[in-house]
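First comes the structure, then the notes that go with it.
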Amino acid sequence: MHMMNKMITLRSRPQGWPTNETFEFKETPVKQPEAGQIVVRSLYFSVDPYMRGRMNEGKSYIPPYKLGEAIVGGVVGEVIESRSDKFSPGDKVMGYLGWKLYNVVDIAEVRPIDEKIAPLSAYLGVIGMTGLTAYFGLMDIGKPKAGETVVVSGAAGAVGSIVGQIAKIQGARVVGIAGSDEKTKLLTDKLGFDAAVNYKTSPDLKAAIAQACPDGVDVYFDNVGGDVTDAVMSLLNDYARIPLCGAISSYNKEIGTDLRPSILTQLIKTRSMIKGFVLSDYSDRLEEGAQHLGKWLSEGKLNYEETIIDGFDQIPEAFLQLFKGTNVGKMLVRVTPDEK
């Protein structure tokens, strides 16, 4: 097999907002697989907010991307060549692979997926990393009880939209915070949220959230941080639980400038618990989460939204759009047939 590969690498570490110049396209020959390896043709790419942190240098829960090397993220693809008896051409797989049209990988780097169970794209969303993040953050840290009020920021996003639905399955009252009337309507009309607040158009955000949460807030699943979180914090009930999943409002700020000390007094007064987490904390329990998500999906208790952009060359733009809030649900890039 002699094919040319296209990849997207990190050209420079962004200061503030990434731009198209942050990325560089390269073409190289596709390497021949060795024993125990397969060649995977990419079908779908996941773009996620956490990737922004990996573009910075410094200590974190995951090593930073290296300059000049392909950016790595969730990929669903098709095996087109195999030197392992565990995979055959035509098999569909998922793994954390490079932003490349073709990845040559050891078989341990991927897992098989079945499009008869769910659409291929779902393995990067509702029953993949984002769904599992929602499940463990809410169930393990938030521990919602029937009748409690759960508030979700970034509620129309990939994780937030699943969090709210799981909370409803647990019998909670769920309030979502999102950035457009289209998104708030989606939350209440399609995803079953009890109320939703548009943080961009509410003249008094704290008052708007308070009106939606007359009994206060027992669980706050935070994907956003910043002013939205400050507004929710003032409404915490005693012993509230706060799974801290993300802080997208500050990802493009200078490192160390957004420490938000304003919330600390409220945490003390209410004896609330806030805990940051990442999915790898639950690496030994992923099957548990997948089983619950798959069951709820098959029972029609979980709906999911996707924003799919076509074209490998559009991956950087799709990533940048995450921080402008243009996506509804999971943001994905699909490789078009002419690119394969």
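Just the residues that are among the charged types (D, E, K, R) and either assigned to a loop (DSSP other than H, G, I, E, B) or surrounded by 15 or more Cβ atoms within 10 Å (Cβ to Cβ) (or both), please, taken from region 164-222. Of everything in region 164-222, those that are among the charged types (D, E, K, R) and either assigned to a loop (DSSP other than H, G, I, E, B) or surrounded by 15 or more Cβ atoms within 10 Å (Cβ to Cβ) (or both) turn out to be K168, R173, K183, K190, D194, K200, D204, K206, D215, D218, D222.
Can you say whether D230 is assigned to a helix (DSSP H, G or I), farther than 25 Å from D281 by Cα and acidic (D, E), as far as the supplied structure shows? When the stated conditions are applied, D230 passes them.
In region 121-160, which residues are among the acidic types (D, E) and surrounded by fewer than 22 Cβ atoms within 10 Å (Cβ to Cβ)? The one that is among the acidic types (D, E) and surrounded by fewer than 22 Cβ atoms within 10 Å (Cβ to Cβ): D140. Among the residues making up region 11-38, those that are closer than 24 Å to I308 by Cβ and either among the hydrophobic types (A, V, I, L, M, F, W, C) or free of Cβ contacts under 8 Å to residues at least 12 places away in the same chain (or both) are W17, F23, F25. Scan G300, G289 and give me the residue that is surrounded by 14 or more Cβ atoms within 10 Å (Cβ to Cβ) and not β-branched (V, I, T). After applying the criteria, what remains is G289. Comparison of V79, V110 shows that the only residue that is touching an Asp or Glu at 6+ places or on another chain (Cβ under 6 Å) and not basic (K, R) is V79. Of all residues in region 83-132, those being in contact with a strand residue (DSSP E or B) (Cβ under 7 Å, 6 or more places away or on another chain) and free of Cβ contacts under 8 Å to residues at least 60 places away in the same chain number 19. Starting from residues that are within 24 Å of the chain's Cα centre (by Cα) and in a loop (DSSP other than H, G, I, E, B), keep the ones in region 2-14 and report whichever is nearest to G98 (Cα to Cα). Per the criteria, the residue is R11. If you go through region 209-242 and pick out every residue that is polar (S, T, N, Q) and at pLDDT below 95, you end up with 3.
Among the conditions (1) assigned to a loop (DSSP other than H, G, I, E, B); (2) surrounded by 15 or more Cβ atoms within 10 Å (Cβ to Cβ); (3) touching a helix residue (DSSP H, G or I) at 6+ places or on another chain (Cβ under 9 Å), W17 misses just one, which is (2).
The values are calculated or read from the model by the stated rules, or taken from the named source; none is laboratory data. On a predicted model such as this, the values are computed, not experimentally measured, just so you know. For neighbour counting, all protein chains shown are included, and Cβ atoms are generated from backbone atoms with ideal geometry for every residue, glycine included.
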